[in-house]
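Chemist: Dropping the structure in here first, questions after.
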């Protein structure tokens, strides 16, 4: 049964869809990716991964750690990847069924600093910040699952495991980690997921934890990331791969060239998962950016870079796997710049069929947390939901009898029909809130108040005592092994 204090998830369920790439263009992208994998290859500094590639038809140079993959090897491996599956939650009522009908949105993750909610000072993030933002996420219906938004830098080598524990303890929703690196740490993460699921079979059917691993642009894998991914895939936990290739520096200075390089990175990793564990749930996450031509900064979601996200959705589906789409725009702080284009980004990805999407709540290229930013960004999710829903009208909506009763130069204020339907309007809780002086309040201030209310009043369904005890035991064991 759903926790009464946690609002239901409001997924974006578009009534219509769009296509940005034709079948011919998708074929061009597929051919480009296959050419890169066959003729250029991927660098993979993991002997375990290299041996798996070699055993399944990859051409491996163990000295250079370069893997080249013939097209037939890629296509055969990818044929085993499931297009649809479930991302489970601690509470079954919050399970996410990836069936192609809707888009589930999530927080951004892995920030390193936060604006302290009380002192407003900028500081290094800690585990308590992870826990607090999990509670805010638990309350927000636009957020379907939770990336730990910042890192638990007060816990050393076991920080990723502490982030998972703080997340499970403070939200009933699905948790997705992007910091769990290395085989040993990943095994502890799988054990924590089993505790939440209850048993191994339930964990495979309704995995409460998934992992996201970033590739290294251009055309390389991270040893710790790829080996942790193999552990997750073997346990049946979804694992995805994200490329943040940067046009002009770590990828070609063209949209098509950047997409092809980024796609090759992710496909090579998904191929490895299917070679090792056929049928393992995987996903594709296209999040490149462009290099600012004057500063060298990474720009994600702004200008031409905004095309990468919805186009990545279509490439993921071309390969027959779900996608974690990038959403949002780059901005240094809160305010007009941070909201500009957010709704459009979410809407475009949803209309292209994104299964999941993330990128909400952080600033400064996903490194800085303003606690109230998540509440602000959720407004964009609500707008995208409104613009994508099916429109239906009946005689009550056309209100012809009311129009006749009012007539020319009348008004509709006194009509019962007006009072009844005004009450159904879904108005923003942040924007256009009247102040005491006849104007309107600053939405950032309103968002800050709402965040404070959530942190003070919302209490997510707690973990069972035995679950909390088991998670604590796992953390202690990990600290003894990984921090030593």
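Chemist: Please report Rg (one decimal) and Dmax (integer) in Å for the Cα set of region 156-195.
Modeler: According to the Cα coordinates of region 156-195, Rg and Dmax are 9.6, 26 Å.
Chemist: While we're on this one: Please report the Cα spread of region 48-152 along all three principal axes, rounded to whole Å, starting with the longest.
Modeler: Rounded to whole Å, the extents work out to 56, 38, 19 Å.
Chemist: Taking the number of other C-beta atoms within 10 Å as the exposure measure, put 358, 436, 428, 151 in order starting with the fewest. Write down the numbers at each step before the final one.
Modeler: Details: 358 28, 436 6, 428 12, 151 24.
Least to most surrounded, the residues fall as 436, 428, 151, 358.
Chemist: Still on this structure, please answer the following. Work out the P(r) tail for region 1-95: percent of alpha carbon pairs separated by more than 20 Å, whole number.
Modeler: The share of Cα pairs beyond 20 Å in region 1-95 comes to 62 percent.
Chemist: Moving on. For the chain, what does -39500 (n - 2.57) per DSSP helix run (n ≥ 4), summed and divided by total residues, give at 222 nm, in deg cm²/dmol to the nearest 500?
Modeler: On the way: 18 runs with 203 residues, N = 484.
That calculation yields -13000 deg cm²/dmol at 222 nm.
Chemist: Apply the Debye scattering formula to region 419-465, with a single equal point scatterer on each alpha-carbon and no solvent, then give log10 I(q)/I(0) at q = 0.20, 0.21, 0.27, 0.32 Å⁻¹.
Modeler: Normalising to I(0) and taking log10 leaves -0.82, -0.85, -0.98, -1.06.
Chemist: Compute the FRET efficiency between residue 256 and residue 405 as 1/(1 + (r/R0)^6), taking r as their Cβ-Cβ distance and R0 = 60 Å, and round to the nearest 0.05. Don't jump to the answer; show the numbers that get you there.
Modeler: Working: r = 59 Å, r/R0 = 0.99.
The computed FRET efficiency comes out at 0.50.
Chemist: Let me check I have the definition right: for region 228-372, take the eigenvalues of the Cα gyration tensor, multiply each by 5, take square roots. What are those semi-axes in whole Å, largest first? Each step should come with its number before you reach the end.
Modeler: On the way: eigenvalues 141, 58, 40 Å².
Gyration-tensor ellipsoid for region 228-372: 27, 17, 14 Å.
Chemist: At what distance in nm do the modelled label points of residue 365 and residue 455 sit from each other, each positioned 7 Å from its Cα along Cα→Cβ?
Modeler: If labels sit at residue 365 and residue 455, their model points lie 2.7 nm apart.
Chemist: Can you give the % of DSSP beta bridges in region 51-205 that are antiparallel, to the nearest 5?
Modeler: Values: 9 of 14 bridges.
Antiparallel bridges: around 65 percent, rounded to the nearest 5.
Chemist: Something else: Taking the highest mean first, how do the peptides 260-266, 306-312 order by number of other beta carbon atoms within 10 angstrom per residue?
Modeler: Details: 260-266: 26.7, 306-312: 24.3.
Per-residue mean Cβ counts within 10 Å order the peptides as 260-266, 306-312.
Chemist: If you don't mind, there's one more thing I want to ask. In a Debye calculation with equal point scatterers on the alpha-carbon sites of region 168-227 and no solvent, what is log10 I(q)/I(0) at q = 0.15, 0.18 Å⁻¹?
Modeler: -0.50, -0.67
Chemist: For region 368-416, just the Cα atoms, rotate onto the principal axes and tell me the three extents in Å, largest first.
Modeler: 56, 24, 17
Chemist: Once each part is reduced to its C-alpha centroid, what is the distance from region 60-110 to region 403-434 in angstrom?
Modeler: When both Cα centres are located, 47 Å separates them.
Chemist: Same structure, new question: At residue 55 and residue 19, where each label point lies 7 Å from the Cα along Cα→Cβ, what is the point-to-point distance in nanometres?
Modeler: Label at residue 55, label at residue 19, 4.0 nm between them.
Chemist: A further question follows. Could you tell me what percent of the DSSP beta bridges with both partners in the chain are antiparallel, to the nearest 5?
Modeler: Numbers: 18 of 49 bridges.
The answer is about 35 percent antiparallel.
Chemist: Can you give the % of DSSP beta bridges in region 209-362 that are antiparallel, to the nearest 5?
Modeler: Values: 3 of 19 bridges.
Counting DSSP beta bridges with both partners in region 209-362, the antiparallel share is about 15 percent.
Chemist: Return one number: the angle in degrees, 0 to 90 and rounded to the nearest 10, between the long axis of the Cα atoms of helix 183-197 and the longest principal axis of the Cα atoms of the chain.
Modeler: 40 degrees
Chemist: Related question: Relative to the longest principal axis of the chain, what angle (0 to 90°, nearest 10) does the C-alpha long axis of helix 308-318 take?
Modeler: 60 degrees
Chemist: Now for a separate question. How long are the semi-axes of the equivalent ellipsoid of region 237-290, defined as square roots of 5 times the Cα gyration tensor eigenvalues? Whole Å, largest first. Write down the numbers at each step before the final one.
Modeler: Working: eigenvalues 123, 19, 9 Å².
Working from the Cα gyration tensor, I get semi-axes of 25, 10, 7 Å.
Chemist: So for the chain, what are the equivalent ellipsoid semi-axes in whole Å, largest first, each being the square root of 5 times an eigenvalue of the Cα gyration tensor? Numbers along the way, then the final one.
Modeler: Numbers: eigenvalues 301, 153, 93 Å².
In descending order the semi-axes read 39, 28, 22 Å.
Chemist: Going highest first, how would you order 113-121, 154-162, 314-322 by mean Cβ packing within 10 Å? Intermediate results must be reported in sequence, preceding the final value.
Modeler: On the way: 113-121: 13.9, 154-162: 20.3, 314-322: 22.4.
By packing density, highest mean first, the sequence is 314-322, 154-162, 113-121.
Chemist: By count of other Cβ within 10 Å, fewest leading, how are 422, 87 ordered? Walk me through the intermediate numbers first.
Modeler: Numbers: 422 11, 87 28.
Least to most surrounded, the residues fall as 422, 87.
Chemist: Moving on to the next point. Per the Cauchy relation, a quarter of the hull surface: what is the mean projected area of the convex hull of the alpha carbons in region 95-167, in nm²?
Modeler: Values: hull surface 22.2 nm².
For region 95-167, averaging the hull's shadow over all directions gives 5.5 nm².
Chemist: To the nearest 10 degrees, how steep is helix 373-388 against the longest Cα principal axis of the chain, on a 0 to 90 scale?
Modeler: Helix 373-388 sits at roughly 80 degrees to that axis.
Chemist: If you don't mind, there's one more thing I want to ask. Any idea what log10 I(q)/I(0) is at q = 0.18 Å⁻¹ for region 265-328, Debye with uniform C-alpha scatterers and no solvent?
Modeler: -0.68
Chemist: Here is a follow-up. What whole-number volume per residue, in cubic angstrom, does the convex hull of the C-alpha atoms of region 158-302 give?
Modeler: Numbers: hull volume 17.3 nm³, N = 145.
Residue-normalised Cα hull volume stands at 119 Å³.
Chemist: Which translational diffusion coefficient, to the nearest whole µm²/s, is obtained for region 311-438 from the Stokes-Einstein equation, given a Kirkwood hydrodynamic radius over C-alpha pairs, 4 °C and 1.567 mPa s? Can you show the working numbers first?
Modeler: Numbers: Rh = 18.0 Å.
Taking Rh from Cα pairs, D becomes 72 µm²/s.
Chemist: If the convex hull of the alpha-carbon atoms of region 387-451 is projected onto planes in all directions, what is the mean projected area in square nanometres? Display every interim value, and only then the final one.
Modeler: Details: hull surface 28.9 nm².
Taking the Cα atoms of region 387-451, their convex hull projects to 7.2 nm² on average.
FYI, it's all coordinate maths here, none of it is from the lab. Keep in mind it's a predicted model, so treat the numbers as computed, not measured. Neighbour counts are summed over all protein chains in view; Cβ atoms, including those assigned to glycine, are modelled from backbone coordinates with ideal geometry.
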